Amino acid sequence: MKFTVADLLDQVPDEGTLEIAKLEKILRLTNRSEKQSLELAVQGLTRLGILDLDSDRGISRGAAVDLVEARLRCSSKGFCFAIRDDGGDDIYIRDHQLNHAWNGDRVLVRLTREGGRRRSPEGGIQCILERATTSLLASVEQQDERVIAVPLDDRLLASIELSPDDASHAEKPIGLAVAEVVLDRYPVAQFPARGHVARSLPLDGGADADRELMLTKANLHQRPAAPRASFKSPSAKKREDLSEQPALMISGWTSDASPALPAVHVIPFEGGTRLWIHSPAVAERLSPGNSYDQWLLNQSESFCLGGQWIPLLSPSLAKASGFSVGDVQDAVSLRLDIDSDGEWRDWDFCLSRIRPVAEVNAEALHALQSRKPKSRAVPAALKSIKDQIGQLETLIFCATKLHDAERREGRIELDLKRAQADDLGDLNHVSPDGDGQNWSTPLNASCPNSVLSVLIRHAHRVWEQHSRKLGLPAILLDAPPADDAALNDVAKAAIALDVSLELDEDGVPTPSELCQALASSDASHVLNLQLRHALPESFYRVSSCNQELDSEGSEHSSSEITVDHSPKHESDNSDADCSDKQPLQPFAPWCCPTLHQADVINQQVLCSLLNDGKDRPTVRQKNKVKLGEKGVAASISWPLFTASHKQKILDTIRERTVQRLNARRRQVEELKRDVLAMTKARSAEPMLEQQQTGVISGVQSYGFFVEIAPSMVEGLVHVSSLNDDWYEYRSRQNRLVGRRSRRVYQLGDSVEVKVLKVDVLRNQIDLEVVPATAPVAEDPPPVAVSEE
């Protein structure tokens, strides 16, 4: 089908009707079969009450208010839950209620049973809005007269029928190659899914073949070419000329094809610092709604595969908007005044023109940190930028103060050892925007991306506050609070390792309290791993302001403009000044439009404010306000935009757009994890049958995981291989204890292991313990029966 149900519903207005003939044009349906598919879809949605069809062949929104939109998540054991978009409890879906939906599909669910205190609500899938899987990796098997494909992803609970012509692929051993299977028909009624083998992919073809495997697994291997487009030139009318400012380009990436990043400039100012952050002017060059804009939305993310970048922007737009040393270029800028404690004093957003004077890399920052204080000698790595050494020192000072302020506010900081491998390329380095996680890594003044990430986080928080107080919509990067039970498990593991931890009266530590307590532990790395797993993933959501953009006769004060937080986020204090920034305040990302489409969209709103916002009530009024300045909302008592321009802004940020951004974000994050896991697994292949020293990074009833440096590869020692005793699992202490010998395998222990098996495709590594004297438990033997 040329369109999805989600595409269809996107076009139906919340109020009023839409003619089917007009819908056919919007969806670009031309032949008879495509139009018949639309007719069938409308009929089905009408029966479910999602749409109403009138006698004039007009469709409108139906009265089905009992349907919940969600994303299906399945486990390898067959348990499926619908993860709700509205932040409500996950809904358990039984097998007979799946209606052929697969893992990752967007669905509409009808509740069949309310949840209880210890029971999830249950429901049934009524409609599949959008399929997540269009092709997959599979092994091909011959079963009697049938040829079937068995997905390698065991979360896909179905097999696919193939043509007899694909039987030749069943003869290839699974250890040497896998097949890419393209879906021709999804399962319906009693008929199974059907597909065909598109190609065979080798498992021993080297780094390039591994990257292709991972792209295919993530369904990101078919990237359509960018449509031809002419880009607009940014307006020169309201731009500030900052070309005399010695701005610096800072990047820790080493690949020639890595995306452009913001430039910065900083000077000492009134006991603190004055910082400028200059973002590439991408949004101003785009025409919202055209084919290129739609293509960009479909791409949504830049991502790195180690030695190769898959960019978000087309080469022509990347070249037009990127910065280069000595060239004047348009930018979208933020001036941020910071006091000696790292708190915001003042800010101002503006459109600008800059001319970077130098590029700073990791070698230069390392030389700066290694340089002796007051030394007159200039290291070789700094000679080309010796005139900017003072600015670099001020930049490190500024980043340090901002970082210290974050820690005081309760920012979650995890000190995790990063895998190091040549094949990882730029994945060896911290992302300059922290990958949008709700936690950060310690500031490393020798790492350009680490320094830049602190500055970018604050710039994103400033725009969140500024846009909220002006009542402007924004795409926020947010995260739900961590589950108390998960945090308690981390606290129990820490206490078992003699970490001093003070709990509140409720007995539940906060993530920031855990971070501070774990920092001084010898087992801080493995405990931080446990804490990271307890923290929920970040997601995009739409801000919701109580005040309309065209509010008349009322001031845009901070008390009137608030963000409508979803249930997944703690309420934000919209009256808070910049000195009262909340630890859980979400970001409104805009600085990295070369990396994320969400930044492009937020930058479009920012540029609309600076280019088209009304800075005075009428043209006869001489006094203007600066719409980018801090506190300007209190001075505005008129509509910021015309009605038509307001509607354009609202059309830019829609729930459906954010859903698509989140779907692609999840795809890319899963792809990054797979690339890291496969690279680690490849590094373990030479270790087969060799003895290695590792650290126990996780303990479960079925065994324990061991992490081996420097690649940080993680393998499993299954409890069945511990045949010298009968081991029982003690969850409170995160340990396995032998009943007879009292031998202990505990989180954080060093252990000698042998690598038995490496499955690079499933990222599974089997280990066994090399016989040695293990610690002996001091407590008396338990009476409980062991868990396996």
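The values are calculated or read from the model by the stated rules, or taken from the named source; none is laboratory data. Keep in mind that what you see is a predicted model, and the values were worked out from it rather than measured. Glycine gets a Cβ as well: all are built from the backbone with ideal geometry, and neighbour counts include every protein chain shown. The accessibility values were calculated without ligands, DNA or RNA, using every heavy atom of the protein model including side chains. Shrake-Rupley method; radii C 1.70, N 1.55, O 1.52, S 1.80 Å.
Some notes on this structure:
- Being under 23 Å from residue 192 (Cα atoms) and not in a loop (DSSP other than H, G, I, E, B) holds for only one residue in 111, 40, 23, and it is 40.
- Test: residue 314 is hydroxyl-bearing (Ser, Thr, Tyr) and either over 28 Å from the mean Cα position of the chain (by Cα) or more than 19 Å from residue 266 (Cα to Cα) (or both): yes
- Single unsatisfied condition, residue 432 versus (1) under 20 Å from the mean Cα position of the chain (by Cα); (2) surrounded by 20 or more Cβ atoms within 10 Å (Cβ to Cβ); (3) outside any loop (DSSP other than H, G, I, E, B): (3)
- Residue within the range 165-188 that is crowded, with 17+ Cβ neighbours inside 10 Å and basic (Lys, Arg) present: no
- Candidates 227, 234 - the one that is closer than 30 Å to residue 607 by Cα and surrounded by fewer than 16 Cβ atoms within 10 Å (Cβ to Cβ): 227
- Any hit, the range 670-678, residues being charged (D, E, K, R) and either farther than 30 Å from residue 597 by Cβ or at pLDDT 95 or above (or both): no
- Some residue of the range 309-328 being modelled with pLDDT under 95, closer than 23 Å to residue 430 by Cβ and open to solvent by 70 Å² or more (accessible area, probe 1.4 Å): no
- Whether a residue is over 19 Å from residue 438 (Cβ atoms) and open to solvent by 20 Å² or more (accessible area, probe 1.4 Å) was assessed, and residue 470 does not pass this test.
- Restricting attention to the range 97-134, the residues being without any contact (Cβ under 8 Å) to a residue 40 or more places away in the chain, open to solvent by less than 40 Å² (accessible area, probe 1.4 Å) and of a type in the set (S, T, N, Q) number 0.
- Residue among 752, 655, 689, 768 that is modelled with pLDDT under 90, in contact with a strand residue (DSSP E or B) (Cβ under 8 Å, 6 or more places away or on another chain), open to solvent by 30 Å² or more (accessible area, probe 1.4 Å) and of a type outside the set (Ser, Thr, Tyr): 655
- Number of residues in the range 1-59 that are touching a helix residue (DSSP H, G or I) at 6+ places or on another chain (Cβ under 7 Å), of a type in the set (Lys, Arg) and without any contact (Cβ under 8 Å) to a residue 12 or more places away in the chain equals 1.
- Of all residues in the range 511-520, exactly one satisfies the criterion of being in contact (Cβ under 8 Å) with a residue 60 or more places away in the chain and either open to solvent by less than 20 Å² (accessible area, probe 1.4 Å) or under 13 Å from residue 496 (Cβ atoms) (or both), namely 515.
- Here residue 66 clears all of (1) within 17 Å of residue 154 (Cα to Cα); (2) surrounded by fewer than 19 Cβ atoms within 10 Å (Cβ to Cβ); (3) in contact with a strand residue (DSSP E or B) (Cβ under 7 Å, 6 or more places away or on another chain) except the condition numbered (1).
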